[in-house]
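Here's the structure, in structure tokens; my notes come after.
Read-outs: derived from the displayed coordinates by stated rules, not from any lab. All values reported here derive from a predicted model rather than from experimental measurement. Cβ: placed from backbone, ideal geometry, glycine included. Neighbour counts: every protein chain shown.
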Amino acid sequence: MKLLLITALALFSILTFGQKKADKQEWKQLFNGKNLDGWDLKIRGYDLNDNYNKTFRVEDGKMVVQYDQYDDFKQKYGHIFYKGDFSYYRIAVEYRFVGDQAPKGEGWATRNSGIMVHGQPAATMGKNQDFPASIEVQLLGGLGNGKKRTTCNLCTPGTNVVMDGKLITQHCINSTSQTYDGDQWVKVEVLVLGDSLIQHFINGEKVLEYNKPQLGGGNVSGHDPALLVNGKLLDHGSISLQSESHPVEFRKVELLELKGCMDPKAKNYKSYYVKADNSTCDYGKKKK
């Protein structure tokens, strides 16, 4: 009897451990907190990975966009790309705006940055290109004037989307988020499901949703026109963070791959359930 009890307990422990291990979701840290390994830089007017005036740097364990060595911003828009190509995933970023805007930065760019998803590869950008053709999750900080200024908005350099069944060609669409004034940290999360669905979240609350990201429209210059095929659906692309003239800090950039259970073209697509809210793969349960 005692032997049977010990055996049963051991079996229960193995099954429980296996279930917890199977259910565990592995978020990959894209920023290691130490350096910019794994990232490419592209600043308008400069070659790939020419980090003009140390615009992108690491300070106190944070990825920092800084302009203390600029005399004139001169529309030197920059982007830092995580190396790789991504299609089905969740990305979470914690950011805050600090300090004063770079000299002669545009007024609209005050406390303004962004997360670019489904973007073109950094290496395909023209030397004088301002923004990668991409879907921009626009990050805005409040201006402290009592006026509403939402964050986690949508902007569309070289792209369009569909909302409520209609093609949207307007460049920027506001989310339903609240305004975040001062230097407070804000957590934004984006759910990207190929060319079907993209959702924006602030501190866990959904604030925007749209479908069928695709190439088209304007609001990008200096690019190779041959790369922008109007109407072409975007089901994959690069991920980058933006430099638009206001200092910004990122203390966490992490990604959860969903391709294995959400991409119909993935080899193990039929192996796992997807939770009803599309938030994650349930690796603990096999599909029938």
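Assorted remarks:
- Net length gained if the chain between Gln29 and Arg57 were fully extended (0.36 nm per residue, minus Cα distance): 8.4 nm
- Here the spin labels are modelled as points 7 Å beyond Cα on the Cα-Cβ line, and at Leu227 and Asn49 they lie 1.7 nm apart.
- Each peptide in 50-60, 246-256 gets a packing score, the mean of other Cβ atoms within 10 Å over its residues, and the list from highest to lowest is 246-256, 50-60.
- Rg/Rh for the stretch 26-269, where both radii come from Cα atoms and Rh is the Kirkwood radius: 0.94
- Charge tally around Lys147: other residues with Cβ under 13 Å, Lys/Arg +1 each, Asp/Glu -1 each, net +2.
- Entries of Lys83/Lys127; Lys206/Lys252; Lys104/Lys212 with Cα pairs more than 25 Å apart: Lys104/Lys212
- Formal net charge of residues neighbouring Leu234 (Cβ-Cβ distance under 12 Å; K, R +1; D, E -1): -1
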